Amino acid sequence: MRAKGKMRRLMSPALCGAALAAALAAPAAHAAPVEGHGPARLPAWTSTDTGTDARFRGLAAVSSRTAWLAGSLGTVLRTTDGGRHWRDVSPPGAAQEELEFRDIEAFDARRAVALAIGEGEASRVFRTDDGGATWTESFRNTDAHAFYDCLTFFDSRHGLAMSDPVDGRFRILSTADGGRSWKVLPGAGMPQAQAGEAGFAASGQCLVSSGPRDVWLATGGAATARVLHSRDRGLTWTATESPVPAGVPAGGVFGLAFRDRTHGIAVGGDYRADQPSPRASATTSDGGRSWRPSPAAPTAYRSGVAWLPHSRSAALAVGPTGTDLTTDGGRTWRTVDTGSYDTVDCTADGACWAAGEQGRAARAVVR
């Protein structure tokens, strides 16, 4: 796990979904030409100036106006005006300690929970109730063998965080008070990990939930990439092999998105720039009991994925080489933008946000 952790740090290397899909299909300044379905004036990604060169792998999109970013160099940003201005709301001391924020979950413009990753005490959880004016450190890992990757919330009170395997099993943290306190769940209900298996802290989407109790965990780095599923908020889990290739420390499933308890998309591949990533996406329609490879997957590694708002078939996948769009539930994908992004998230009021390296952040919205 130590070698795995070092590798992950080097990685720092009421609108309809169909309308937003058309928006992203419209050519942008750096987009690959594609055939759109709606008015040509609908917007694609619109870049916003974050004022920093941090790499943002944590993203929480609250609405078309409000979003939170979490990234390298202890950086947490927030906007409440659609990205026109970003405010640095980083926890005090985080920059000096060079904490690596890789996930953030926000309940609104004032309340958010952020995860810093790393071995031992580098893994920490912070919570704010005042828009980032003040933060409380609610968890600091003291196990040298643990390395926390992602967190998710079922509602404003109940949430989980996951660590790479400790003593042969993925470790799960649980909160019932909105991230103010955490406890390690018993490991008896967690399947044995494969040799070399771990999660990827690449987009904040290696642990995702849907509804009040269902949660999924994505893995890689082992002989096969798996998706683990729990129906009881992390107490017991089942593991299913995915068709996304693994077999190397840099390969596997990097991001998951579920639009309900049954329909999900997995994306990933091999994050090394000089390596191909065939079959880099898969879909499920039975809650993760089985996964099918996408007949026309993205042509390169993808780290983040999100369903478009109010759509049963449209979703976006992002990675260092571009953004891909599916309009058939993840079966086929086409590249609609060639800009580099690591993570993506969409909101109920019809906006999608993306973020990545060199302080990149963008928004797409249909008014």
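None of the figures in this text is laboratory data; all of them are computed from the coordinates on show. Predicted model only: the values in this text are computed from it and were never measured. Cβ sites come from the backbone with ideal geometry, for glycine too, and all protein chains shown count toward neighbours.
Close amide-amide hydrogen proximity is noted between Val89 and Val76, Leu77, Arg78, each under 5 Å apart and 5 or more residues distant or on a separate chain (H modeled in the peptide plane; Pro and chain starts excluded). A simple spin-label model places pseudo-atoms 7 Å from Cα toward Cβ; at Gln96 and Thr46 they are separated by 3.9 nm.
In terms of its Cα atoms, the range 242-314 spans 36, 24, 20 Å along the principal axes, sorted from long to short.
If a/c stays under 1.5 just call it rounded; otherwise compare a/b with b/c (prolate if a/b is bigger, oblate if not). Do that for the range 247-367, with a ≥ b ≥ c from the square roots of the Cα gyration tensor eigenvalues. Because a/c hits 1.5 or more and a/b fails to exceed b/c, the range 247-367 counts as oblate. Scaling against 2.2 N^0.38 Å puts the C-alpha radius of gyration of the range 2-365 at 0.89.
For Leu235 and Ala133, FRET efficiency with R0 = 45 Å and r from the beta-carbon atoms, rounded to 0.05? Rounded to the nearest 0.05, the efficiency is 0.80. In order along the range 183-193, the Karplus-derived 3J(HN,Hα) couplings, from 6.51 cos²θ - 1.76 cosθ + 1.60 at θ = phi - 60°, round to 9, 7, 6, x, x, 4, x, 9, x, 5, 6 Hz, and Gly and Pro are given as x. Working note: Karplus 6.51/-1.76/1.60 with θ = phi - 60° gives the range 75-81 the couplings 9, 10, 10, 9, 10, 10, 10 Hz, where Gly and Pro are set to x. An oblate overall shape is assigned to the range 177-330, the ratio a/c of its alpha-carbon gyration tensor axes (a ≥ b ≥ c) being 1.5 or greater and a/b not exceeding b/c.
Here the 3J(HN,Hα) profile of the range 146-162, calculated from phi with Karplus coefficients 6.51, -1.76 and 1.60 at θ = phi - 60°, is 8, 8, 7, 10, 8, 9, 8, 10, 7, 7, 6, 10, 9, x, 9, 10, 10 Hz, Gly and Pro shown as x.
Taking amide H as placed 1.01 Å from N in the peptide plane, the amide H of Thr52 sits under 5 Å from none that are at least 5 places away or on another chain. In terms of packing, defined here as the mean over residues of other Cβ atoms within 10 angstrom, the peptides 325-331, 183-189 line up highest first as 325-331, 183-189. The trypsin sites (Lys or Arg not before Pro) of the range 72-104 that meet both conditions, a loop assignment by DSSP and at most 16 other Cβ atoms within 10 Å of the site Cβ, are Arg84.
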